[in-house]
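*Asks:* Sending over a structure as structure tokens; questions will come in a sec.
The values are calculated or read from the model by the stated rules, or taken from the named source; none is laboratory data. These numbers were taken from a predicted model, which means no experiment stands behind them. Here Cβ is always computed from backbone atoms with ideal geometry, including for glycine, and neighbour counts include all displayed protein chains. Each accessible area value is taken on the protein alone, full model and side chains, heavy atoms only, with ligands, DNA and RNA left out. Shrake-Rupley method; radii C 1.70, N 1.55, O 1.52, S 1.80 Å.
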Amino acid sequence: MSVLSNPLFWQVGVPVFLIVLGYLVGSARERAHYRSILARERILRDLPIISTRRVPEDFPGLGPAPETRMVEGSAVISLDYFKRFLAQLKMLFGGRVTAYESLIDRARREALLRMRGEARAIGASVIVNVRMETASISKGGRGAIGTIEVLAYGTAALPAGGTGVGRVR
Amino acid sequence: MIVSTLEYVPGKTVTAHLGIVQGSTVRAKHLGRDFLAGLKNIVGGELGAYTELLSDARAEALQRMEQQARAVGANAVLNVRFATSSVAQGAAELLAYGTAVTVD
């Protein structure tokens, strides 16, 4: 009871606890996420993503008139308490904010992977005209980014008639 | 209905342009989800509930766009784009738009 009524507990103890918790759990989760991203990127390496506006005419395996279907993937990723604190501190000095860099990198790669996963499921051989959009779902307050959403979308091209490899629809 | 981010349909020709069609929806996050997300904010990582909320909303925007395209007699929507804008604290509008055409 005496600890809970001590203002120092609320003003220093709780934030420090959250920062330590955020650091320990947050960095473990980030490492695990990167491992999973790298593993899936290795599997999907043979499904190219290109940002040209037309399906390449000589793409191997696609006839002159491939079937096309829109595919998309998105991810909402949040900073942990420690990195949020670090980023706010960095804002005082300016310069490179690595905490935000890894946040955006993770979200973007995750969104691309989900889009490619969807394309793989319908048996696509390439995804063209890929666009990415980033939106900040502000939760940090005071103008800081805390949570971002990345959306990746494009058009998957598959052989006409569909060879039916793992087709979902 | 062909929905595509390309400006053409491979192997087909566009026979008529019917103008822009769009679909949108405004969604707010609900309190329970927001509370859980608040907890998740301490340890960071993916906020699965929000990913789901936004992709559901986007699917609905696309569906409304297709409905509008059908209403004007189109059989394809080309050059589709998405846009997200936050209308108020805690609410977001998701918009999908494209050009309705008939292809043959």
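*Asks:* Okay, helix-only estimate at 222 nm for chain B: each DSSP H run of n ≥ 4 adds -39500 (n - 2.57), divide by all residues, round to 500 deg cm²/dmol; what do you get? Provide the component values of the computation, followed by the final result.
*Replies:* Working: 2 runs with 37 residues, N = 104.
-12000 deg cm²/dmol, from helical runs alone.
*Asks:* Where the only charges are on Cβ atoms (+1 Lys, Arg; -1 Asp, Glu), what is the dipole of segment A:2-158 about its Cα centre, to the nearest 20 debye? List each step's numbers first, then the result.
*Replies:* Working: 22 positive and 14 negative charges, 77 e Å.
That gives a dipole near 380 debye.
*Asks:* Another question, if that's okay. What's the average, rounded to a whole number, of partner chain beta-carbon atoms within 10 Å of each residue's beta-carbon in A:64-71? Mind showing how you got there, number by number?
*Replies:* Values: counts 2, 4, 3, 4, 10, 3, 10, 1.
Mean inter-chain Cβ contacts per residue within 10 Å come to 5.
*Asks:* With runs of 4+ DSSP H residues as the only contributors, calculate the mean residue ellipticity of chain A at 222 nm using -39,500 (n - 2.57) per run, divided by the residue total and rounded to the nearest 500. Don't skip to the end; give the middle numbers.
*Replies:* Details: 4 runs with 71 residues, N = 169.
It comes out at -14000 deg cm²/dmol, rounded to the nearest 500.
*Asks:* Residue by residue, what Karplus-based ³J(HN,Hα) values in Hz, rounded to whole numbers, does segment B:51-68 have, using 6.51, -1.76 and 1.60 with θ = phi - 60° and x for Gly and Pro?
*Replies:* 4, 5, 4, 6, 6, 4, 4, 5, 4, 5, 4, 4, 5, 5, 5, 5, 4, 5
*Asks:* Once you list every other residue whose beta carbon is under 14 Å from the beta carbon of B:Arg58, what net charge do they have if Lys and Arg are +1 and Asp and Glu are -1? Provide the component values of the computation, followed by the final result.
*Replies:* Numbers: positive: A:Arg114, A:Arg131, B:Arg27, B:Arg64, B:Arg81; negative: A:Glu72, A:Glu118, A:Glu133, A:Glu149, B:Glu52, B:Asp56, B:Glu60, B:Glu66, B:Glu93.
The answer is -4.
*Asks:* Go through A:Pro48, A:Val25, A:Leu151 and say which Cα lies farthest out towards the positive end of the charge dipole of chain A; charges sit on Cβ, +1 for Lys and Arg, -1 for Asp and Glu.
*Replies:* Value computed over the given set: A:Val25.
*Asks:* With chain B treated as a Gaussian network of Cα nodes joined by springs under 10 Å, which of B:Ala76, B:Ala92, B:Ala49 yields the largest mean-square fluctuation?
*Replies:* B:Ala49
*Asks:* Would you kindly derive the ³J(HN,Hα) couplings of segment A:60-69 from the backbone phi angles with the Karplus curve 6.51 cos²θ - 1.76 cosθ + 1.60 (θ = phi - 60°), listing them in order in whole Hz, with x for Gly and Pro?
*Replies:* Once θ is set to phi - 60°, the couplings for segment A:60-69 become x, x, 9, x, x, 10, x, 7, 10, 8 Hz.
*Asks:* Now for a different question. Return the carbon/sulfur percentage of the accessible area of chain B, one whole number, probe 1.4 Å, all protein chains in place.
*Replies:* Working: 2700 of 4980 Å².
Taking all protein chains in place, chain B shows 54 percent carbon and sulfur surface.
*Asks:* Could you identify which residue out of B:Gly73, B:Gly45, B:Gly19 has the top mean-square fluctuation in a GNM of chain B using Cα springs shorter than 10 Å?
*Replies:* The residue with the greatest mean-square fluctuation here is B:Gly45.
*Asks:* Using 0.36 nm per residue, how much length does the chain from A:Val16 to A:Val3 gain when fully extended, once their Cα-Cα distance is taken away?
*Replies:* Details: separation 13, 0.36 × 13 = 4.68 nm, distance 1.55 nm.
Here the answer is 3.1 nm.
*Asks:* What's the local net charge at A:Gly22, with K and R +1, D and E -1, over the other residues with C-beta under 9 Å away?
*Replies:* Values: positive: A:Lys83, A:Arg84; negative: A:Asp80.
Value of the local net charge: +1.
*Asks:* Turning to a different aspect of this structure: How big is the C-alpha Rg of segment A:64-129 next to the rule-of-thumb value 2.2 N^0.38 Å, as a ratio? Present the calculation step by step, with values, prior to reporting the outcome.
*Replies:* Details: Rg = 17.6 Å, N = 66, 2.2 N^0.38 = 10.8 Å.
In units of the globular-protein estimate, segment A:64-129 measures up at 1.62.
*Asks:* Ignoring ligands, DNA and RNA and using a 1.4 Å probe, state the total buried accessible area between B and A in Å², rounded to the nearest 100.
*Replies:* By this definition, chains B and A bury close to 3000 Å².
*Asks:* So, one more: Averaged over its residues, how many other protein chain Cβ atoms are within 10 Å of peptide B:50-58's Cβ atoms?
*Replies:* Numbers: counts 9, 10, 2, 2, 7, 8, 0, 0, 4.
For this peptide, the per-residue mean of nearby foreign Cβ atoms is 5.
*Asks:* Full-extension gain between A:Glu41 and A:Ser136, please, as 0.36 nm times their residue separation minus the C-alpha to C-alpha distance. Don't jump to the answer; show the numbers that get you there.
*Replies:* Working: separation 95, 0.36 × 95 = 34.20 nm, distance 2.50 nm.
Full extension from A:Glu41 to A:Ser136 adds 31.7 nm.
*Asks:* Now for a separate question. Roughly how tilted is helix B:31-43, in degrees to the nearest 10 and between 0 and 90, from the longest Cα axis of chain B?
*Replies:* With rounding to tens, the tilt is 70 degrees.
*Asks:* Short version: ³J(HN,Hα) in whole Hz for each residue of segment B:82-93, in order, from phi by Karplus 6.51 cos²θ - 1.76 cosθ + 1.60 (θ = phi - 60°), x for Gly and Pro, what are they?
*Replies:* 10, 9, 10, 9, 8, 7, 8, 4, x, 10, 10, 9
*Asks:* Oh, and also: Roughly how many Å² is the accessible area per residue of the protein assembly as shown, as a whole number, for a 1.4 Å probe? Kindly include the intermediate steps, with their values, before the conclusion.
*Replies:* Details: 14130 Å² over 273 residues.
Normalised by residue count, the accessible surface of the protein assembly as shown is 52 Å².
*Asks:* Name the residue from A:Thr98, A:Ala65, A:Met115 whose Cα lies farthest towards the positive end of the charge dipole of chain A, charges +1 on Cβ of Lys and Arg and -1 on Cβ of Asp and Glu.
*Replies:* Checking the options against the dipole of chain A, the answer is A:Thr98.
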